[in-house]
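S.K.: Questions regarding the structure given below will be posed in turn.
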Amino acid sequence: MKLSSIPSGTSVFIDANIFLFEIFEDANFGDSSYDFIKKIESSEIKGYTSTLVLDEVLFKMILMEASNKFNVSMKDVVRILKQEPEKLTALEKSWENIREIQNMDNLTIFGVSPAIFKEAVEIALTCKLLPHDATHAAVAKEMNIRNIATNDDDFERMDFIKVWKP
């Protein structure tokens, strides 16, 4: 199912890759992710995500921006930032982007409670998902959201959520 085909009024959990495709203007998925996010901002679709998703988005933005800004390889970025933490404040675009997401109209952000994490462990085992994906699914399930916007095929192993791709 394509993101562009999501019916108006649908509630959708948003995975990290959708935000990242839009932010990094991905050649293959950037436009469709951008259009999808605009539908959320215009209240055509109700968007949901979690603090864990936003953590993933922020971390990847920091890695990319630091690699480019300080001309270091991706494998060396974390080490450099840990050695020189003041460099984190120079990553203006990452901080700006995460604030924009946090302040998006019509986007609800959920936290991950111990009960949700417990459910995520069960989902990880039964659906054979990695922990972060299982936690995203558990948040969606707990909040009764039956749709997810993602480019991750792993979510198709779950029978309680419909996958929408860019």
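S.K.: Going through segment 46-71 one residue at a time, which ones are free of Cβ contacts under 8 Å to residues at least 40 places away in the same chain and either buried (at least 16 other Cβ atoms within 10 Å of the Cβ) or of a type in the set (Asp, Glu) (or both)?
M.R.: Passing the criteria: Asp55, Ile62, Leu63, Glu65, Ala66, Ser67.
S.K.: May I ask you to list the residues in segment 134-156 that are within 16 Å of Ser11 (Cβ to Cβ) and of a type in the set (Asp, Glu)?
M.R.: Glu142 - this is the single residue of segment 134-156 that is within 16 Å of Ser11 (Cβ to Cβ) and of a type in the set (Asp, Glu).
S.K.: Looking at segment 110-159, which of its residues are polar (S, T, N, Q) and surrounded by fewer than 18 Cβ atoms within 10 Å (Cβ to Cβ)?
M.R.: Of everything in segment 110-159, those that are polar (S, T, N, Q) and surrounded by fewer than 18 Cβ atoms within 10 Å (Cβ to Cβ) turn out to be Ser113, Thr126, Asn144.
S.K.: Identify all residues within segment 43-52 that are in a helix (DSSP H, G or I) and farther than 14 Å from Asn17 by Cβ; write none if there are none.
M.R.: Once the filter is applied, which keeps residues that are in a helix (DSSP H, G or I) and farther than 14 Å from Asn17 by Cβ, segment 43-52 yields only Thr51.
Read the figures in this text as sums done on the coordinates, not as results from a lab. If you're wondering where the values come from, they're calculated on a predicted model, not measured in any experiment. Using ideal geometry, Cβ is built from the backbone for each residue, glycine included, and neighbour counts are taken over all protein chains shown.
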